[in-house]
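Report on the following structure.
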Amino acid sequence: MPKNLIGSLELEDPFDLVATLESGQVFRWRRVDSKWYAGIVGRYPLLLRQEPGKLVYRCDFGIANEIEEALFAFFRLDDSLLDVYESVNGDAKLSDVIKRNLGLRLIRQEPWECLISFVCSSVSNIPRISRNMEAIAKKTVSPKLVDTHSIYPFPTVAQLANCREEELRELGLGFRAKYVTRISWLIANEQFDLFGLKSASYNDAKTALMSLPGVGAKVADCILVFSFDKLQGFPVDRWVRRSIKERYFENTYVTDTDIVSWAQERWGSYAGYIQQYLFQDQRLINARR
DNA sequence: GAAGGGCCTTTGAG
DNA sequence: ACTCAAAGGCCCT
């Protein structure tokens, strides 16, 4: 019988679990009842819910210390959001954005799943990316059980490399299917060292990622920010582009590349955080219309 | 070499 | 029924 390990992590820094899990960084967390979210952190399938001042988890195996270490790393509790907020205190154009999204955090993801997520994100939408990713997992692996809830791990490189393009198209990936199969093959056959990028510089890692089919500047920056700790990355998608142009370049022509360099100059290693706030804010504003 | 346009799949909303 | 948009990238000009 699995033991029911329930514990919690004290939260000092601003933290909004729902906003963070539903901000389009990760795509396979699901709400299993009114308060719990089910997903995977590190090697632990678990349930999470937030209570005042703490993050409560339920995991059916493992040691509390190690689970909490994994949670700490996953939610980047080593970053201070207060420092981020303070650094942009003088920018009136950001104050409302920060205020509306307090506690939104970047997540430190496993690179392989992150890569596939954002290859699948191209001209898609968040509900669909979630369905695609979940369909891939259900097709290739068997679920873990936490309490009564099934949680599917994401397939390994070798497991996904066994899928044919046609099979992925049947899951609804569309033209992105060929990118996923090609990338899986390249990594599985050691033609591309994904995990080695952790020690590379931002520029080197970005150039390397962009050599993969289906990975351009935007997707590369997502992977760099979300799983390789390169927080100067600034993914420019249609929401962020619109937001930045409205706020800072009303009457000036800028390309996406211009926006990236401008943001890095302005926000440095906080650019990744600012981008996530702008993205989330613009998306929520749009949803209300 | 930079920039712009067409094309790629599927799904849901209006 | 039809059109549009959705965390873009690739290829051609």
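No value in this document is a laboratory result; all are computed from the given coordinates. Computed from a predicted structure; not experimentally measured. For neighbour counting, all protein chains shown are included, and Cβ atoms are generated from backbone atoms with ideal geometry for every residue, glycine included.
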Treating only Lys and Arg (+1) and Asp and Glu (-1) as charged, each at its beta carbon, one finds that the stretch A:188-243 has a dipole about its Cα centre, in Debye to the nearest 20, of 380 debye
Whole-angstrom gap from the stretch A:1-79 to the stretch A:138-186, using each part's C-alpha centre: 24 Å
Summarise the long-distance tail of P(r) for the stretch A:118-272 by giving the % of C-alpha pairs beyond 28 Å. 30 percent
So, in nm, how far is label A:LEU102 from label A:GLU265 when the simple model puts each one 7 Å beyond its Cα toward the Cβ? 3.3 nm
Which order do the peptides A:158-170, A:226-238, A:124-136 come out in when sorted by mean C-beta neighbours inside 10 angstrom, highest first? A:226-238, A:124-136, A:158-170
With a ≥ b ≥ c the root eigenvalues of the C-alpha gyration tensor of the stretch A:14-153, is it rounded (a/c under 1.5), prolate (a/b larger than b/c) or oblate? oblate
Per the Kirkwood definition applied to all pairs of different Cα atoms, how many angstroms is the hydrodynamic radius of the stretch A:23-85? 12.8 Å
Cα gyration tensor of the stretch A:213-283 - equivalent ellipsoid semi-axes, whole Å, descending: 19, 13, 12
Cα Rg over Rh - the stretch A:176-217, Kirkwood: 0.97
Which loop-located trypsin sites (Lys or Arg not before Pro) does the stretch A:1-99 contain, where loop means any DSSP state but H, G, I, E or B and the Cβ has at most 14 other Cβ atoms within 10 Å? A:LYS3, A:LYS35, A:ARG43
Packing-based order for A:273-285, A:250-262, using average beta carbon neighbours within 10 Å, highest first: A:273-285, A:250-262
Label-point separation in nm, A:ASN125 to A:ALA73, each point 7 Å along Cα→Cβ: 3.6 nm
Under 19 Å from the 7 Å Cα→Cβ point of A:ASN286, by amide nitrogen: which residues of the stretch A:95-116? A:97-98, A:100-101
Measure of size requested: the Rg and Dmax of chain A, with Cα atoms as the atom set and Å as the unit; please supply both. 19.0, 65
Sequence-separation-based contact order of the stretch A:42-93, relative, with Cα cut under 8 Å and 6+ spacing, percent: 25 percent
Using +1 on the beta carbon of Lys and Arg, -1 on that of Asp and Glu, and nothing else charged, what's the dipole of chain A about the Cα centre, debye to 20? 1100 debye
Looking at the stretch A:1-153, how many pairs of lysines come closer than 26 Å at the Cα, when each pair is eight or more places apart or spans two chains? 10
What residue among A:SER34, A:SER211, A:SER142 has the largest mean-square fluctuation in a Gaussian network model of chain A, using Cα springs under 10 Å? A:SER34
